[in-house]
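Report on the structure given below.
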Amino acid sequence: MNESFSSMLPSLIRGLYVNAAGKPFAVVSGGVLSPSVPKEVLSINIEKFDRTDEIDEQALAAFFSGQFSALNTDASDGKITLPSCIAVGLHDNEKALFWVDEDIDGARRRMNEKDASPLLVENLTVKKFHATANARSSVVKNKIALVTGGAQGFGEEIVRGLAGSGALVFIADINLAGAEKLAGIINTEEGRTAALAVAVNVSDETSVREMFTYVEKTAGGLDLCISNAGVLRAGSVLEQDLKDFEFVTNINYTGFFIISKFAGLLFRRQHRTAPNWKTDIIQINSKSGLEGSNKNGAYAGGKFGGIGLVASFALELISYNIKVNAVCPGNLLDGPLWSDPERGLFVQYLKSGKVPGAKTVADVKAFYEAKVPMKRGCTGPDVMRAVFYIVEQEYETGQAIPVTGGQVMLH
């Protein structure tokens, strides 16, 4: 079975469950069918779709949906019965197993124990939705999320916010050791598999493709992709080296394009079997994407461009129920990006003379705090409230939401 074909299966299978119950599931690969697997396994033969390198993804999804809809999914009592294991028939009489549950720990337990007992789940699709903001963070419970640049700074704040609200979060970072350390800490704190580390260089297309393949093979798919990875090298347009300008642009602008491309491809596959399920791409932009930034043109230019990509991708991807939005935070003044004593922005701005009359780092910090009507920097919880709003709000896409303490206002 060719690799491109087999890589489609987890997201298509996951879409069936999402479509049936209206809520997220985890799908894990369990290898090849063995005689010890119970009879409750649902077998689907897709060998006929694997004859050429040209895969008709839509026809494959329709075949899966037809097989799945034949199951007993009576929802008259508000609950439905679904199989917890699907065996997909391949060549040479082999069947690849996929184990399913409402979270990744449950799916892994079933795989390890060969427990193919049916899933009895609440059918949310037959219940009328009543909008509420009483517990907005619950909108990510059991959802699968990915955060780039998630090992530190704003990224870590977002990862912790999502995990603490019940999501499974892939911590994607070029610093794999840092991501693994953070995942271990979070999993211990949460008492479950709440975070998984994955290496990525967002400016490298091959690296990003491999990351999304890993996510799909590990958990079956994705609901929320947060493109947070970013860098900043301040400098005057009259003095900044081209290599520094290109470095910032490749991460902040081109990196968002690459992330959106492969997130969109994965979300589109899920859409084939879960056409009503909405997924989200969120760029963590900046207030510098809404106004210029003195002696910081590379950063502001990439962020301005990012908002253009957000609006453009939103118009295209909504066809697959993919929402694309941006959060534009103010300055995280207490985070390492600003406060690192050697490489932080306070130090960079002091050295570059960006703040007139500033003689110390404290002077630079006071200057930036004074710019904010609320007299403080942005925080992780401030950003998380905006993320929860975007996920909850089904009737909005292509927006850039400022979270700036009033420093930058919509007009």
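We did not get these values from a lab; they are worked out from the coordinates using the rules stated. This is a predicted model, so every value here is computed, not measured. Glycine also receives a Cβ, built like all others from the backbone with ideal geometry; neighbour counts cover every protein chain displayed.
Straight Cα distances below 23 angstrom link residue 79 to the lysines 23, 39, 127, 128, 141, 143, 278, with same-chain residues fewer than 8 positions distant left out. Using the rule -39500 (n - 2.57) for each DSSP H run of four or more residues, divided by the residues of the chain, the 222 nm mean residue ellipticity is -12500 deg cm²/dmol. By the count of other C-beta atoms within 10 Å, a proxy for reagent exposure, 156, 246 are ordered fewest to most as 246, 156.
Each principal axis of the Cα cloud of segment 161-204 was evaluated for its coordinate range; sorted largest first, these ranges are 33, 17, 13 Å. Spatially, segment 367-411 and segment 198-250 are offset by 22 Å when compared through their Cα centroids.
Here Cα extents along the principal axes in Å was calculated from the structure, and among (i) 73, 59, 40; (ii) 76, 45, 40; (iii) 64, 60, 38 it sits at label (ii). Stretching residue 177 away from residue 39 to a fully extended chain increases their span by 45.5 nm, per 0.36 nm per residue minus the current alpha-carbon distance. For the cross-link pairs 351/375; 303/365; 181/375; 295/323; 217/287, the ones whose C-alpha atoms lie over 28 Å apart are 181/375; 295/323; 217/287. Estimated from the Cβ-Cβ distance and a Förster radius of 35 angstrom, the FRET efficiency linking residue 59 and residue 187 is about 0.30. Label-to-label distance, residue 351 versus residue 371, with points set 7 angstrom from Cα along the beta-carbon direction: 2.0 nm.
Tell me whether segment 295-411 comes out rounded, prolate or oblate; compute the Cα gyration tensor, take square roots of the eigenvalues as a ≥ b ≥ c, and use a/c under 1.5 as the rounded threshold. Taking the square roots of the gyration eigenvalues as a ≥ b ≥ c, segment 295-411 is prolate.
The alpha carbon convex hull volume per residue for segment 223-279 rounds to 72 Å³.
Computed over the alpha-carbon pairs of segment 158-268, the distance histogram in 5 Å steps reads 2, 12, 20, 21, 18, 12, 8, 5, 3, 1, 0 percent, short to long. Give the longest segment of the chain that steers clear of chymotrypsin sites (Phe, Trp or Tyr not before Pro) in DSSP loops with at most 15 neighbouring Cβ atoms within 10 Å, not counting the sites themselves. Here the longest run is 130-394.
Full extension of the chain between residue 238 and residue 79 gives 50.7 nm of extra length, using 0.36 nm per residue less the Cα-Cα distance.
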